[in-house]
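Since the structure comes first, as C-alpha cells, the remarks are kept for the end.
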Amino acid sequence: MGPPGAGKSTFINNAAGVDATKVGHGLKPCTATIQHVIVQYPDDPTCRVVFVDTPGFDNTFLDVSAILRQIAVWMARSYGDKMKLAGVVYLHEMSRVRMLVTSRKNLGVFNRLIGNDATRSVILATTKWGDVEEEVGSQREEQLSTALWKEMVEQGSRTARFLNTRESAWNIVDLITEREPLDALQIQKELVDLEKLIPETEAGSTLCTILKELVGVHKATVGRL
C-alpha cells in the first residue's frame, strides 16, 4: 500500500522477477484496481507468496470512496475464505521534498484500515533512493521515523529501504514472514465479524471526514475566485 507513484507495482515486479504489474510513468496512476501476483519464495519452492497491489487513496483519477470499497471488499472476501495476511508493506518515496497533506491523509486512512493490532506487521519501506543524495535521504528517513511514523514504529512497525532490486524486495518480505501471520486487519473484523457497512468502519468514517474537509476547501476556493 501507499500513495500513487510510491513504487508499489515496481516493488512487486522486482520481487517477481518479471513485469507482473503495470508501472505508471506519467501523471495518471496505472493501478486502478486491486491486482494480485503469486510468486514462489526464492529459497523455498514449496512456499508461495501472494502480493496484493492496491490503488493509493490520494489518487485524483479515481473516487477515493470507490478505492476504499475495492480494498474493503477484497479484504472481507479473503478473510471470509480464511486467508490470513502475513503483513503489509507501506511505501513512501524519498524523492518527495515535503510530506504532502494528501499523503498524511493517506497514512491516516491506512492506519484506520489496519488497526493498532496489525501495526507490528507493517513494514514502512522507503523508495526511489536513486533520486536523492544519500545524506539527504538519510535525513528524511530519520525525520519520517521520529515524526510522521513515530507512533507506528513505537507500536512495532519496522522501517526498510527498497533499492529497486529483487534482493531488497525479498529482504523486506523476510521481515514480514519471520513473524506470525496477522489474525485480521481492523476493517476485516469490522466488515465480517461485526457486520458493519463500509461507511461505519473506522477507515470509512475517517475518509468521510476527509472528503467533507476537501469539499469545504473547494467551496472556499471557488468563493474567492
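The values are calculated or read from the model by the stated rules, or taken from the named source; none is laboratory data. Note that the coordinates shown come from a computational prediction; the quantities given were computed from them, not determined experimentally. Every residue, glycine as well, gets a Cβ built from its backbone with ideal geometry; the counts of neighbours run over all protein chains shown.
Quick look at the numbers
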{"item": "Filter result for the condition that a residue is under 19 Å from residue 53 (Cα atoms) and either free of Cβ contacts under 8 Å to residues at least 40 places away in the same chain or not polar (S, T, N, Q) (or both), over 136, 132, 88, 153", "result": "88"}
{"item": "Residue in segment 88-98 that is modelled with pLDDT under 90 and within 23 Å of residue 205 (Cα to Cα) present", "result": "no"}
{"item": "Any hit, segment 7-14, residues being at pLDDT below 85 and in a loop (DSSP other than H, G, I, E, B)", "result": "no"}
{"item": "Candidate set: segment 137-165, residues that are of a type in the set (Gly, Ala, Ser) and over 17 Å from residue 127 (Cβ atoms); chosen: the one farthest from the chain's Cα centre (by Cα)", "result": "147"}
{"item": "Number of the exception - residue 124 against (1) farther than 15 Å from residue 6 by Cβ; (2) modelled with pLDDT of 95 or more; (3) crowded, with 20+ Cβ neighbours inside 10 Å; (4) not hydroxyl-bearing (Ser, Thr, Tyr)", "result": "(1)"}
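Here is a yes/no grid of residues against (1) among the hydroxyl-bearing types (Ser, Thr, Tyr); (2) part of a loop (DSSP other than H, G, I, E, B); (3) within 24 Å of residue 187 (Cβ to Cβ); (4) modelled with pLDDT of 85 or more:
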{"residue": "28", "(1), (2), (3), (4)": "no, yes, no, no"}
{"residue": "37", "(1), (2), (3), (4)": "no, no, yes, yes"}
{"residue": "61", "(1), (2), (3), (4)": "no, yes, yes, no"}
{"residue": "82", "(1), (2), (3), (4)": "no, yes, yes, yes"}
